[in-house]
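Working notes, beginning with the structure itself.
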Amino acid sequence: MSLHINQLAPNFVQKSTKGQINLYEYLSNSWGVLFSHPKDFTPVCTTELAEVAKLQNEWNKRNTKVIALSVDDLESHKKWLSDIEKYATFSVDYPIIADEDKSVSLAYDMLHPEADDTFTVRSVYFIDPNKKIRLILTYPAQVGRNFDEIIRILDALQTVDNEKVATPVNWKTGEPKIIPASIKDETLLKQQYGENIKQVYDYLRFTAK
Ligand code: BEZ
């Protein structure tokens, strides 16, 4: 089954390095980033999981719970954890799902048989507090993800929700945002977005910051 953005994230119950996880209960009112790994004891995955451990404060600041997944078993995950923690010089405080029966990988379309039918591709699902999938990334096994970009995406998603704006190309926190073209009323515009609006075209207007 393929999943699309704005669909409800499928719930699941599965084994993990932090005990059995029920996705919805685990996320509760937090944002979630669910990301899959092709295989345990592989080099690219080890660097990625270490980076996610180092970023734990950034996830916390964004009220976000991260969850990793691979289709290897729990015993293998637990052995691999010590390599990851040594490499990261940080503890791994997030769960790694042992999706041995591939039930989660199948529900989230993480197995791409044309890439490889034995392990998952590098998928990332951004899940909001209403359990909606808000963004999906897919990388091949050989290409490691950029977790600075994953944090930037979280910031952008949370900003567009909180401030009723859109984010322009290469946007980063603190930079001007785009005011929706649908808002025409001058009073409302100033009330909501401030006095210092920069208008480039009638359909392209930026907030001051
Ligand atoms: C890796 O994580 O290094 C990897 C995993 C599967 C295929 C290729 C690379």
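The values are calculated or read from the model by the stated rules, or taken from the named source; none is laboratory data. Computed from a predicted structure; not experimentally measured. Neighbour counts run over all protein chains shown; Cβ positions are idealised from the backbone, glycine included.
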Item to complete: Looking only at segment 110-119, decide whether some residue is within 16 Å of the ligand (Cβ to nearest atom), within 23 Å of S30 (Cβ to Cβ) and over 14 Å from the mean Cα position of the chain (by Cα).
Response: yes
Worksheet item: Of all residues in segment 64-103 being without any contact (Cβ under 8 Å) to a residue 40 or more places away in the chain and within 23 Å of N29 (Cβ to Cβ), which is nearest to the chain's Cα centre (by Cα)?
Response: V66
Response to the item:
Of all strands (runs of 3 or more DSSP E) fully inside segment 130-209, the set with 1 or more residues that are surrounded by fewer than 16 Cβ atoms within 10 Å (Cβ to Cβ), within 16 Å of the ligand (Cβ to nearest atom) and of a type in the set (S, T, N, Q) is 133-139
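Considering only segment 106-118, how many residues are buried (at least 22 other Cβ atoms within 10 Å of the Cβ) and over 17 Å from N22 (Cβ atoms)?
1
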Discussion item. Exactly one condition in (1) outside any helix (DSSP H, G or I); (2) away from the ligand (no atom under 16 Å from the Cβ); (3) among the aliphatic types (A, V, I, L, M) is false for V104; which is it?
Written reply: (1)
Fill in: Residues that are under 15 Å from the mean Cα position of the chain (by Cα) and either among the charged types (D, E, K, R) or surrounded by fewer than 19 Cβ atoms within 10 Å (Cβ to Cβ) (or both), drawn from segment 42-54
E48, E51
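Per-residue answers, yes or no, for (1) touching an Asp or Glu at 6+ places or on another chain (Cβ under 9 Å); (2) among the charged types (D, E, K, R); (3) more than 13 Å from I96 (Cα to Cα); (4) in a loop (DSSP other than H, G, I, E, B):
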{"residue": "L3", "(1), (2), (3), (4)": "yes, no, yes, yes"}
{"residue": "P10", "(1), (2), (3), (4)": "no, no, yes, yes"}
{"residue": "Y24", "(1), (2), (3), (4)": "no, no, yes, no"}
{"residue": "N29", "(1), (2), (3), (4)": "no, no, yes, yes"}
{"residue": "G32", "(1), (2), (3), (4)": "yes, no, yes, no"}
{"residue": "F35", "(1), (2), (3), (4)": "yes, no, no, no"}
{"residue": "K39", "(1), (2), (3), (4)": "yes, yes, no, yes"}
{"residue": "C45", "(1), (2), (3), (4)": "no, no, no, no"}
{"residue": "A50", "(1), (2), (3), (4)": "yes, no, no, no"}
Worksheet entry | Contacts under 9 angstrom Cβ, first residue in segment 138-150 being closer than 17 Å to P43 by Cβ and touching a residue at least 60 places away in the same chain (Cβ under 8 Å), partner aliphatic (A, V, I, L, M) and assigned to a loop (DSSP other than H, G, I, E, B), 6 or more apart | A141/A115; A141/V121; F147/L55
Item to complete: Name the single residue, out of those in segment 35-51 being among the charged types (D, E, K, R) and more than 8 Å from the ligand (Cβ to nearest atom), that is nearest to T118 (Cα to Cα).
Response: D40
Response to the item:
How many residues of segment 10-45 are of a type in the set (V, I, T), closer than 17 Å to I150 by Cβ and in contact with a helix residue (DSSP H, G or I) (Cβ under 8 Å, 6 or more places away or on another chain)? The answer is 1
Practice prompt. Read through the list (1) modelled with pLDDT of 95 or more; (2) over 20 Å from N60 (Cα atoms), then give the number of the only condition that S2 fails.
Written response: (1)
